[in-house]
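Below: one structure, written as structure tokens.
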Amino acid sequence: MPYLGNKPLVGEFIKLDTITTSATTTFALQRNSAAFFPGTTNQLIVSVNGVTQAPGDAYSVNGSNIVFTETLSSSDVIDYILCLGEIGDSVTPTDGTVTASKMSETLYRDPLRINASTISNNITIASGERAMVAGDITINNGKTLTVNGVLTVV
């Protein structure tokens, strides 16, 4: 039984590789035998000898290492380390991972990209940038469209 109660519906929940303890405070965090770099100490739920540890008090994170405030011994057991990933945060998706089904229908309807028909914020197309609009476009009063790069209207 991996979860008590309802299984979380969002976020990435990662159980890190097992760590064998020794008489030290610093241990490498790994996921599938590769170094793992959590974003913050607070993203980890750590259990040692059946006791959940307090982030920041019992341990901290330094790069891909967990650093305990007290030296563990070889008889101590790190039961698990669970990384809560990006729960509730704004997340930048990995390149190439956003599919059409994840996009708003006001922006994209397979295979079409839907343009807004009104510019309601100031917009600058920087030098070296290219932009395109399909159909007529209206610029609201008091707003500007500055084109230093290339704008194509189709």
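The values are calculated or read from the model by the stated rules, or taken from the named source; none is laboratory data. Bear in mind that the values here come from a model prediction, so they are computed numbers and not experimental data. All Cβ positions, glycine included, derive from the backbone under ideal geometry; neighbour counts span all protein chains shown.
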Where a residue in region 80-109 is farther than 30 Å from ASN49 by Cα and its partner, wherever it lies, is modelled with pLDDT of 75 or more and outside any loop (DSSP other than H, G, I, E, B), with Cβ under 8 Å and at least six apart: none
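Per-residue answers, yes or no, for (1) touching a Cys at 6+ places or on another chain (Cβ under 8 Å); (2) closer than 21 Å to PHE13 by Cβ; (3) hydroxyl-bearing (Ser, Thr, Tyr):
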position	(1), (2), (3)
VAL46	no, yes, no
ASN49	no, no, no
GLN53	no, yes, no
ASN62	no, no, no
ILE66	no, yes, no
THR69	no, no, yes
LEU72	no, no, no
SER75	no, no, yes
ILE81	no, yes, no
Among strands (runs of 3 or more DSSP E) lying entirely in region 91-154, which contain 3 or more residues that are more than 32 Å from the chain's Cα centre (by Cα) and modelled with pLDDT of 85 or more? 145-147, 150-153
So, in region 7-57, exactly how many residues are farther than 17 Å from SER73 by Cα, of a type in the set (Val, Ile, Thr) and touching a residue at least 24 places away in the same chain (Cβ under 8 Å)? 3
Considering each residue of region 45-64, count those that are within 22 Å of the chain's Cα centre (by Cα) and either farther than 15 Å from THR26 by Cα or among the aliphatic types (A, V, I, L, M) (or both), and give that number. 3
